[in-house]
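Some notes on the structure that comes next.
Each value in this text was obtained by applying a stated rule to the coordinates, not by laboratory testing. Just so it is clear, the structure is predicted and the values come from calculations on it, not from any experiment. Every residue, glycine as well, gets a Cβ built from its backbone with ideal geometry; the counts of neighbours run over all protein chains shown.
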Amino acid sequence: FIGSNIKDDINLNFYFNRVFEALHYTDIVPSFIKTFFFGFVIGLVGCTKGYNSRKGTEGVGKAANISVVVAMLGVIIIDMVVTQITSMLGYL
C-alpha cells in the first residue's frame, strides 16, 4: 500500500478491496502446505544436529552452523517439490 500510495494517491479502502478481489483461495493453499513442511524440516534438522553434537560448546556451535546450512538446503528442495506438485494439481 505504501509503495502504491507513493506512486499514486490511492485510498486504503480501495487498495484492500482490489487486493481481495484478485486473491483467490487457490493462491493461499500452496503457501500453507509449504509452511508446514518448512517448519517440519527446520525443526527436525535443528533437533537432530543439536542432539548429536559433540565436544561441548564448540560442538554446539558447529552443529548450529551445519543445521542452518542443511535446513536451508532442505527448504529449497521442499520448495521446488511442493511447487511442482501444487502446479500439477492446478493450484498455481
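Excluding residues fewer than 8 places away in the same chain, name every one of the lysines whose C-alpha is closer than 29 Å to that of K34.
K49, K62
Taking 0.36 nm per residue of sequence separation and subtracting the Cα-Cα distance, how much length would be gained by fully extending the chain between I10 and K55, in nm to one decimal?
Length gained between I10 and K55: 10.3 nm.
Just the number, please: Stokes-Einstein D of the chain in µm²/s, Kirkwood Rh from C-alpha pairs, 37 °C, 0.692 mPa s. Before the final figure, lay out each step's value.
Details: Rh = 16.4 Å.
Diffusion coefficient, whole number: 201 µm²/s.
Could you check the spin-label model distance between F1 and M88? Points 7 Å from the Cα along Cα→Cβ, value in nm.
Modelled inter-label distance: 4.0 nm.
What percent do you get for the relative contact order of the chain when only Cα pairs under 8 Å and 6+ apart count?
Computed over the chain, the figure is 33 percent.
Roughly how many debye, to the nearest 20, is the charge dipole of the chain about its Cα centre, given +1 on each Lys and Arg Cβ, -1 on each Asp and Glu Cβ, and no other charges?
580 debye
Could you tell me which of T35, Y51, I77 has its Cα farthest along the dipole of the chain towards the positive end, charges placed at Cβ (Lys, Arg +1; Asp, Glu -1), taken about the Cα centre?
My answer, from the dipole projection, is Y51.
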